[in-house]
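Working notes for the structure below.
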Amino acid sequence: GHYDNGGYEHYLLKEISEQPDTVARTLRGRIDDRFHIAHLGGLNMDARETRSFRRVKIIGCGSAYYSGQIGAQLIEELARIPADAEPASEFRYRNPVVEPDTLYVAISQSGETYDTLAAVQELKRKGGRVLGIVNTVGSAIARECDGGLYLHAGPEVSVASTKAFTSTAVSFALLALHLARVRDLSPADGRRICEGLRKLPEQIEQILKLDEHIKTLAEKYAQAPSMMFVGRVRGYPVAREGAQKLKEISYVHAEAYPASELKHGPLALISHELPTVAIVPDDELLDKNLTTLGEIRARSGRILMIGHRTADAADDCVVVPKNETELDPILLTIPLQLFAYHAAVALGRDVDRPRNLAKSVTVE
Ligand code: AGP
């Protein structure tokens, strides 16, 4: 690449390490501490229009789609607008119903992913209102959208997305706050979210300090031929992204499942040979998640837990700082980036240029 790797051995590690800064840049100038709202001038929507949407549909590919799943949960939780995410590639091929009171949001780091661009074009043709959450200024998707937010995360060089994923999730928290505060989110809850957002850069710094510990764990677990990633609700998109990172750069097979779905099939796979990475935030689902860990352990499954505490059922734990429950998925993703990175290094992979993949897929 023609960008400076800043003395890091790989762009990927540089981009993971930059996140305190890139998240701060995504937030800069967008939080109003007086009214506990988000300033998002680029949306090009007045208050009446902002209040009018009855549904939010988020589209993107790969990691962009997984960050959109975090986004959908943030919008539902904070703004109480039904929201969901779908792969842009699927969306464009299934002749979706385009509704005037749905807000469409397209996500892309590069702004050039062909499936996402084609989905946006199809939406526009049918009168859909489309916002973009994009990193690359002036890119094709950014130009096609009615408005949106730029991530301001700086160029992402490594094929595996890290800082763009995090900044997209942060952008969704801002968008959710914006939509919520012109509906029924209280000033007190608005303030809680604003304060939580402001804490993120420092907390990411704390997580990066766990690097040596995570490296040891990655070297231990990367020997397994396959890994299971599980999470419930807020933890599920985190599990999916964690599995995606591992597959992409280490070529270790990984599957992500909602923790609650294990007993409906994949529990049959669990053995000492198939370790599980469990995303277990301290939220209202903690007890349910700990029960699932017990079920895995009863089948001799080894468990690496990522959460806010340690648990007896887990063989290993990575404990990250707690933020507001709604924002925790953003932080829980970061140890999984480091885990995949160190697994890939341990296995001697080409970390920044994994086989068979391109940084942006600009063809069909
Ligand atoms: C991320 O690690 C992947 N390389 C991939 O899933 C990527 O997120 C996807 O291709 C979308 O790219 P975009 O954000 O540039 O549209």
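Each reported figure results from applying straightforward, stated rules to the coordinates on display, with no laboratory input. Just so it is clear, the model here is predicted, and its values are computed rather than measured. For neighbour counting, all protein chains shown are included, and Cβ atoms are generated from backbone atoms with ideal geometry for every residue, glycine included.
With a Förster radius of 25 Å applied to the C-beta separation of ARG198 and VAL361, the computed FRET efficiency comes to 0.10.
Of the trypsin sites (Lys or Arg not before Pro) found in the range 267-364, those in coil by DSSP whose Cβ has at most 15 other Cβ atoms within 10 Å are ARG299, ARG309, ARG355.
Please sort by residue number the GluC sites (Glu not before Pro) in the range 219-320 whose DSSP state is loop and whose Cβ has at most 16 other Cβ atoms within 10 Å. Those that pass, being in a loop and sparsely packed, are GLU273, GLU284.
Let me check I've understood the local charge: for LYS359, count other residues with C-beta under 13 angstrom from its C-beta, Lys and Arg +1, Asp and Glu -1. What total comes out? Result for the local shell: -4. Full extension of the chain between ARG94 and ALA47 yields a length gain of 13.7 nm, computed as 0.36 nm times the residue separation minus the alpha carbon distance. Sparsely packed loop sites in the range 58-110 (the trypsin sites (Lys or Arg not before Pro) outside DSSP H, G, I, E and B with at most 11 other Cβ atoms within 10 Å) comprise ARG94. In the chain, the sites counted are chymotrypsin sites (Phe, Trp or Tyr not before Pro) in DSSP loop states with at most 13 other Cβ atoms within 10 Å, and the longest stretch holding none of them, exclusive of the sites, is 36-364. If r is the Cβ-Cβ distance from GLU205 to ARG309 and R0 is 22 Å, what FRET efficiency results, to the nearest 0.05? Approximately 0.60, to the nearest 0.05. Working note: 222 nm ellipticity from helices only, DSSP H runs with n ≥ 4, each -39,500 (n - 2.57), summed and divided by the residues of the chain, gives -14000 deg cm²/dmol to the nearest 500.
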